[in-house]
1. Is there a residue in segment 186-202 that is basic (Lys, Arg), closer than 19 Å to Met93 by Cβ and surrounded by 15 or more Cβ atoms within 10 Å (Cβ to Cβ)?
2. Of these, Tyr69, Tyr32, Tyr64, which one is more than 21 Å from Leu201 (Cβ to Cβ) and crowded, with 22+ Cβ neighbours inside 10 Å?
3. Would you confirm, using the coordinates I've provided, whether Tyr135 is of a type outside the set (S, T, N, Q), assigned to a strand (DSSP E or B), touching a Pro at 6+ places or on another chain (Cβ under 9 Å) and modelled with pLDDT of 95 or more?
4. Can you find, within segment 210-236, the residue that is most open to solvent (accessible area, probe 1.4 Å) among those that are more than 30 Å from Lys50 (Cα to Cα) and not in a strand (DSSP E or B)?
5. Can you name the residue in segment 166-185 that is in contact with a strand residue (DSSP E or B) (Cβ under 8 Å, 6 or more places away or on another chain) and assigned to a loop (DSSP other than H, G, I, E, B) and, of all such residues, is surrounded by the most Cβ atoms within 10 Å (Cβ to Cβ)?
6. Would you please name the residue that is nearest to Ile136 (Cα to Cα), looking only at residues in segment 89-125 that are small (Gly, Ala, Ser) and assigned to a strand (DSSP E or B)?
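The values are calculated or read from the model by the stated rules, or taken from the named source; none is laboratory data. Small disclaimer: the values here were computed from a predicted structure and weren't measured. Glycine also receives a Cβ, built like all others from the backbone with ideal geometry; neighbour counts cover every protein chain displayed. Side chains are part of the model used for accessible areas, which takes the heavy atoms of the whole protein and leaves out ligands, DNA and RNA. Shrake-Rupley method; radii C 1.70, N 1.55, O 1.52, S 1.80 Å.
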Amino acid sequence: MIKLIFKASLIILLCTSTFLAKAQLGYDYAQYDVGGAIGMDYPVSTDVFKSLKTTPSAHFNFTYNQTPYVNYVFEGQFGRLKAGNELTGYGRMFENHFTAFALKVQLQAGELIDYSQSNITNAFKNFYLSTGIGYIVNHIVVKTPDKSLPPGFMLGGDNNSQIPFVPLRVGYEFKFFNEYNEPSVKIDLGYQYNVILDDNLDGYIAGNHNDIFSQLTLGVKFAIGGVTSYRKKISY
């Protein structure tokens, strides 16, 4: 009799465990991601004539996912910015080899909407907005004199500077799921608008506005562990 009760209890326990495991499919996600990206950078607002010159940058990031749709991203990047033409805009021209770091919070639409009712809202759930605080280290390797000034005179500005900035980002995250229906790989397409809290991104200080540059990036992130569950199903 005792053996029969034990066997019955064991079967019930196994069935319950299997049911609970299956019930979590589609709800689980990894709390940590690592990734990288490539970017095309453009000086939106500087003290240099805006010739259409885009330059590359490389990005590396570590992400803590509070939920699948609320993410805290630490990013490091390095790249180049350049603009100007010796024949226009007082002959000003610059090239900046920079390194930058940023801590950002990212909010995806899936945190706020019910995406289980239609394909449209399900597709919309991966759009996100992001902002935070950053720090950029500038190294100006090319800077021409202002031709409007007498020979020997230079505009103010440092060739080497360290400046905080505010990143403002909008993007979309394509999620790819593994055999356990967890988002394991993410392709990120984003546009970032970086507001520099100074006027020295280009090595010139002229005018009354701070400098701004933008970035169009394409990246990939990989889930690396800390699996936990979300309150609603992630994949539909």
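1. no
2. Tyr69
3. It is true that Tyr135 is of a type outside the set (S, T, N, Q), assigned to a strand (DSSP E or B), touching a Pro at 6+ places or on another chain (Cβ under 9 Å) and modelled with pLDDT of 95 or more.
4. By that ranking, first place goes to Arg231.
5. Glu182
6. Ranking the candidates gives Ala100 first.
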